[in-house]
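Presented below is the structure to which this report refers.
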Amino acid sequence: MTLTPKRTGAMLIVVGLLSALLFIMAINLRHALPAAIWWQAMTNPEPDDLRQLLFHFSLLPRLTLSLLVGAGG
């Protein structure tokens, strides 16, 4: 199956929009928490660190829901 120029152009637009979405999401999440501790905050937040708790219980559910309903972050 070969890609027509019309399909290739559409795929480039989709990939470009997804890249922009991921970039903006990363910037938004970096304002709340440094990127170095994202994984810890996602999997096992420290109860003493309010930033990790907000990230885990507020920002991640909002981000997930916005992606599910199509708002994009």
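The values are calculated or read from the model by the stated rules, or taken from the named source; none is laboratory data. Everything numeric here is computed off the predicted structure, so don't read it as measured data. Don't worry about glycine lacking a Cβ; one is built from the backbone with ideal geometry, like all the others, and counts go over all protein chains shown.
Observations on the structure shown:
- Look at the range 35-57: where a residue is under 21 Å from Phe23 (Cα atoms) and a partner is surrounded by fewer than 13 Cβ atoms within 10 Å (Cβ to Cβ) and hydroxyl-bearing (Ser, Thr, Tyr), sitting 6+ places away or on another chain with Cβ atoms under 9 Å, you get His56/Thr43.
- Single condition Thr8 does not satisfy, out of (1) farther than 21 Å from Gly70 by Cα; (2) at pLDDT 90 or above; (3) surrounded by fewer than 13 Cβ atoms within 10 Å (Cβ to Cβ): (2)
- Residues that are surrounded by fewer than 11 Cβ atoms within 10 Å (Cβ to Cβ) and at pLDDT below 90, drawn from the range 32-47: Ala35
- Conditions (1) assigned to a helix (DSSP H, G or I); (2) loosely packed, with under 14 Cβ neighbours inside 10 Å: number failed by His56: (2)
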